[in-house]
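Contents: one structure, followed by commentary.
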Amino acid sequence: MLPFLLSFSLAQATPAVPPAPPEEVIQIQEVRSLPGRLDSVPVFNSNSPEKVVNPGILLSTFPSAGKKNPQAHLNFPFRGRFDVFAHHVYQASSPDNLRSLYLGIILYNPGKEPVKVSVLQAASYLSQPDAPFIELPAFAQNLEGKIYAGPGSRVMSDILRGMRQDVFPQEMTIAPGEYQMLLNTSIPVEGLTPPLNGRSTYARLRSSGTIYAASLAMPAGNNPDGTEKAPTLEEWQNLLNNGELSTPRDIPPTPLAQTSQRKYGRVSGVARGSYWRASLTDSPKTRFLSIPQPGQAFSYGLSTLHGGTLGTNQIQSAPMLVRYSDTAYLAHGNYGVQYSFRLPLHNNTQTAQTVAVAVQTPIKEDVLSQKGLRFFAELARPTFFRGTVRVRYRDDLGKFQTNFVHLVQKRGQTGEPLVTLPIQPGEKRLVEVDFLYPPDASPPQVLTVQTLPKSNGEMGK
């Protein structure tokens with residue numbers, strides 16, 4: 001596979017003890033802050049504890065009044081557009097107890113009028129058997145949505161395509177003072193080695209009135225014949241009103257200002273922001289993006305965070321409107337956030353140019369130690385991004401094209417172009433890039449625009 005950009009290697013000195021660090025490739029270029037910003041849509045973000053060991057409350061935005069454990073409730077009402085995200089893992093406590101864990105997402109209408117909740121898009125998948133973590137190529141065409149690795153990858157692909165899984169209703173009407181389950185589904189472990197499984201869920205909702213929400217975990221019950229049964233609405237209500245936060249808890253975050261031994265923590269609360277829309281142009285006053293000179297490139301940071309702004313000083317992590325005190329200060333990683341970009345590429349040179357656009361995963365840095373981005377010359381082991389990206393553009397004949405590409409990128413991987421376009425002198429060509437930041441990914445990434453060298457028109461030559 002050809003590297004994405006013209007690059008040079010950092011020569012390694014005579015082998016030392018311990019072994020020399022991996023050889024790196026430096027991409028000398030500008031890294032830009034991402035224009036635009038997150039919208040204000042609140043996101044119910046249930047990701048802590050990531051591994052659920054004991055039943056209990058995972059996240060509750062209900063008022064604390066009348067609850068047995070008031071500290072488990074964050075008192076945040078939703079109204080209008082809001083999203084629900086839940087990502088949890090369950091492992092059986094012993095080989096003798098392989099009962100499934102049920103995940104419930106409950107909604108409540110506190111008002112005096114019925115509330116309609118429309119389910120705009122929604123999906124929920126297990127790791128086993130729905131979307132196992134399998135080895136996939138770094139770049140794969142995914143027009144039909146059948147390529148994925150992990151439940152987060154599959155869920156975000158469905159949402160990107162505007163889908164609503166059949167397990168979710170198109171609309172719910174919740175009577176005054178009543179509860180309904182948005183989701184009541186299992187995380188089974190029987191027959192798995194080890195008995196470990198996970199589930200990712202994302203839903204985009206719109207309510208006509210005030211709604212409270214909670215995610216809860218409870219072991220499966222038993223039918224008279226010994227088979228498992230789902231908890232009833234009354235059982236979920238009892239857990240909500242009388243239960244406590246699920247334990248053990250995740251490792252708490254370190255203060256954001258701390259730079260050594262930084263722990264980001266897992267997210268549990270309500271984050272602000274579901275979309276990041278941006279038009280990438282030369283300046284806020286222009287309507288085009290001038291392409292780089294031949295052989296040159298520039299990048300925009302994606303999902304940048306504390307300790308990983310790649311020299312931009314831009315923190316893209318969604319702020320938390322409410323959170324539990326032992327969970328992440330910000331929604332680092334922006335799981336489920338949709339990034340939507342317009343790139344009105346403009347060839348302002350006197351000759352035809354070939355331009356490529358790619359997502360890349362550079363080595364994480366806050367201040368760039370080199371005059372650009374660092375990558376590994378050989379692929380590292382950890383996977384830092386696995387998900388589907390949509391790219392739209394007009395081809396050479398002026399026909400509108402839409403393509404879906406599934407990417408798997410290791411830490412420090414340069415990646416391959418999502419699209420490569422010839423652009424004539426003075427011509428403008430619009431490229432649009434969309435993806436939802438997938439769970440089980442590690443930020444930051446970059447969106448890179450490169451003009452290929454004129455010598456041969458191939459990447460990296």
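The values are calculated or read from the model by the stated rules, or taken from the named source; none is laboratory data. Fair warning: this is a prediction, and the values are worked out from it, not measured in the lab. Because the Cβ atoms are built from the backbone with ideal geometry, glycine has one as well, and the counts that use them run over all protein chains shown.
None of PHE375, PHE384, PHE341, PHE435 is closer than 23 Å to SER283 by Cα and touching a Gly at 6+ places or on another chain (Cβ under 9 Å) except PHE341.
Consider TYR212 carefully, then state whether it is surrounded by 14 or more Cβ atoms within 10 Å (Cβ to Cβ), in the same structural domain as ASN109 (by TED's automatic domain parsing) and touching an Asp or Glu at 6+ places or on another chain (Cβ under 8 Å). So TYR212 does not fit the description; no. At least 2 residues being within 30 Å of PHE341 (Cβ to Cβ) is the threshold, and among the strands (runs of 3 or more DSSP E) wholly inside the range 11-95 those reaching it are 24-28, 30-32, 42-46, 78-91.
Collect the residues in the range 389-428 that are modelled with pLDDT under 95, charged (D, E, K, R) and within 28 Å of the chain's Cα centre (by Cα), keeping them in residue-number order. Matches in the range 389-428: ARG394 only.
The sole residue among TYR212, TYR202 that is out of contact with any Lys or Arg (no Cβ under 8 Å at 6 or more places or on another chain), farther than 28 Å from SER153 by Cβ and assigned to a strand (DSSP E or B) is TYR212. The listed residues are ILE159, ILE147, ILE106, ILE134, and the only one of them that is over 20 Å from the mean Cα position of the chain (by Cα) and in the same structural domain as LEU233 (by TED's automatic domain parsing) turns out to be ILE106.
Conditions (1) assigned by TED's automatic domain parsing to the domain that holds ILE159; (2) out of contact with any Lys or Arg (no Cβ under 7 Å at 6 or more places or on another chain); (3) surrounded by fewer than 21 Cβ atoms within 10 Å (Cβ to Cβ), marked per residue:
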{"site": "PRO362", "(1), (2), (3)": "no, no, no"}
{"site": "VAL367", "(1), (2), (3)": "no, yes, yes"}
{"site": "LYS371", "(1), (2), (3)": "no, yes, yes"}
{"site": "ARG374", "(1), (2), (3)": "no, yes, yes"}
{"site": "ALA380", "(1), (2), (3)": "no, no, yes"}
{"site": "ARG386", "(1), (2), (3)": "no, yes, no"}
{"site": "ARG390", "(1), (2), (3)": "no, yes, yes"}
{"site": "GLY398", "(1), (2), (3)": "no, yes, yes"}
{"site": "THR402", "(1), (2), (3)": "no, no, yes"}
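Residue-wise test of (1) under 21 Å from ASP366 (Cβ atoms); (2) among the hydrophobic types (A, V, I, L, M, F, W, C); (3) assigned to a loop (DSSP other than H, G, I, E, B).
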| site | (1), (2), (3) |
| --- | --- |
| LYS263 | yes, no, yes |
| ARG266 | no, no, yes |
| ARG277 | no, no, no |
| GLN293 | no, no, yes |
| SER340 | no, no, no |
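Residues in the range 368-378 include at least one that is closer than 21 Å to PRO137 by Cβ and modelled with pLDDT under 95.
Would you say ASP130 is at pLDDT 95 or above, within 27 Å of ALA441 (Cβ to Cβ), out of contact with any helix residue (DSSP H, G or I) (no Cβ under 8 Å at 6 or more places or on another chain) and of a type in the set (Asp, Glu)? It is false that ASP130 is at pLDDT 95 or above, within 27 Å of ALA441 (Cβ to Cβ), out of contact with any helix residue (DSSP H, G or I) (no Cβ under 8 Å at 6 or more places or on another chain) and of a type in the set (Asp, Glu).
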